[in-house]
Amino acid sequence: MQQTNRSRHRHITSFQVISLGFLSVILLGSLLLMLPIATKSGRSTSFLDALFTATSSVCVTGLVVNDTATYWSLFGQGVILLLIQIGGMGIITIAIAIAVVSGRKIGLMQRSTMQEAISAPTVGGIVRRTQFIIRTTILIEIIGAVLLAPVFCRDFGFWKGIWYSLFHSISAFCNAGFDLFGIRSHFSSLTSYSVQPIVNLVIMMLIIVGGIGFLKWHFKKYRMQSKVIFMVTGILIFLPALYFFCFEFSNLPLTERVWVSLFQSVTPRTAGFNTADLTLLSEVGQMLIIMLMLIGGSPGSTAGGMKTTTLAVLVSSALSVFRKKEHTNFFRRQIPDGTIRNAATIFLMYIVLFLVGGMVISRTEDIPLMTALFETASAIGTVGLSLGITPDLGLVSHIILICLMFLGRVGGLTLIFAT
């Protein structure tokens with residue numbers, strides 16, 4: 001019997017630990033959000049609504065069925081923020097940090113799991129990397145809150161302004177997209193701050209820094225990957241912003257046009273905030289946002305999606321085929337065939353889930369396919385942008401979005417290797 005238990009224990013992989021860790025925190029968060037104290041009305045929330053909100057929080061998505069500011073109490077908002085922080089830094093990162101603080105020894109299994117969770121190249125120095133991630137996260141979120149505080153304290157009073165600053169700094173850095181501005185207009189996000197320079201700059205910088213990834217700032221150590229990430233990130237911000245400026249917001253005053261165009265090019269990279277009414281965009285504009293949502297951020301970051309490196313590998317592979325080259329190279333370095341196969345697998349999985357989920361929701365709810373695809377792209381990319389249909393969807397559609405959010409955050413290969 002003892003030998004059987006040991007055999008079972010050895011067969012638990014790091015990928016399974018990551019998946020089960022996310023699932024456990026989601027279920028615990030759901031139970032907390034079902035408590036009457038979590039709502040302003042003092043009534044219990046249904047399990048499905050609590051599960052949807054907890055999944056969206058832990059998976060740092062931002063899709064909601066209830067307006068965060070008007071439905072949830074301070075306790076409920078605190079639970080959501082805690083789930084966002086845990087989901088943003090990663091379940092395993094938090095667990096390793098607790099073990100370090102308590103003085104427990106970190107074994108090889110835990111170090112290997114941490115390596116997978118943060119996309120680190122080696123197991124060596126993984127505890128130091130964990131400490132670096134936690135210190136960096138807290139420091140950046142505090143700086144963001146301090147910079148936002150003057151605006152929010154002016155608009156909402158001192159204590160409420162401090163809470164709003166902290167909440168939105170964490171939500172932005174973790175690329176979650178949850179907001180508390182429903183007190184002005186339900187599900188309004190940052191539309192009332194579309195031309196406010198401080199809010200725009202701070203929120204965009206938090207989104208970008210959170211979406212690049214913790215380890216990529218060690219530029220010399222991870223030189224090629226860092227170059228790829230910074231290059232792809234720059235392109236994916238500049239070109240969409242140029243399109244939005246020229247074609248989608250041409251009727252706005254110049255200053256607002258610049259801010260809105262830039263913000264809408266940054267936020268689809270899995271952040272979920274918006275400063276413009278996305279339902280007013282053309283289908284081309286909405287499709288561009290869908291593409292950006294599916295790509296997402298960078299590996300080892302707080303962002304979701306297929307990742308910028310996946311896009312870079314696929315584009316490089318295609319170019320090598322067009323040029324009839326035997327090997328795929330990036331910055332004069334050859335990309336291993338295994339990396340290309342993984343990228344192709346992730347791409348195929350995201351596209352299939354995105355399309356099938358959208359088609360099922362479109363048929364089930366009898367809504368336009370483009371509208372349904374926008375929501376499924378937002379879910380699988382863990383973005384949170386919406387055309388406003390999520391609260392009104394039925395049971396089947398909500399379950400589909402919950403599954404897509406979980407798959408998008410945990411990651412394609414994690415679930416493939418967890419089975």
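Quick notes on this structure:
- Restricting T339, T345, T302 to those that are at pLDDT 85 or above and either part of a strand (DSSP E or B) or not aliphatic (A, V, I, L, M) (or both) reduces the list to T345.
- Cβ-Cβ under 7 Å pairs, at least 6 apart or on other chains, segment 15-35 side surrounded by 19 or more Cβ atoms within 10 Å (Cβ to Cβ), far side at pLDDT below 90 and among the acidic types (D, E): F15/E116; I18/E116
- For segment 165-196, a residue qualifies if it is over 18 Å from V64 (Cα atoms) and open to solvent by less than 60 Å² (accessible area, probe 1.4 Å), and the qualifying residues are S165, S169, F173, Y193, S194, Q196.
- Subset of segment 347-362 (residues that are in contact with a Leu (Cβ under 9 Å, 6 or more places away or on another chain) and open to solvent by 40 Å² or more (accessible area, probe 1.4 Å)): F347, M349, I351, L353, L355, M359
- Close pairs from segment 133-162: first in contact (Cβ under 8 Å) with a residue 40 or more places away in the chain, partner assigned to a loop (DSSP other than H, G, I, E, B) and surrounded by 15 or more Cβ atoms within 10 Å (Cβ to Cβ), Cβ under 7 Å, at least 6 apart: I133/F214; T136/F214; V151/Q196
- Meets criteria (in a helix (DSSP H, G or I), crowded, with 22+ Cβ neighbours inside 10 Å and in contact with a Pro (Cβ under 7 Å, 6 or more places away or on another chain)) for L292: yes
The values are calculated or read from the model by the stated rules, or taken from the named source; none is laboratory data. A quick note: this is a predicted structure, and the numbers were derived from the prediction, not measured. Cβ coordinates were reconstructed from backbone atoms using ideal geometry, including for glycine residues, and neighbour counts include every protein chain displayed. Ligands, DNA and RNA are excluded from the accessible area calculation, which covers all protein heavy atoms including side chains. Shrake-Rupley method; radii C 1.70, N 1.55, O 1.52, S 1.80 Å.
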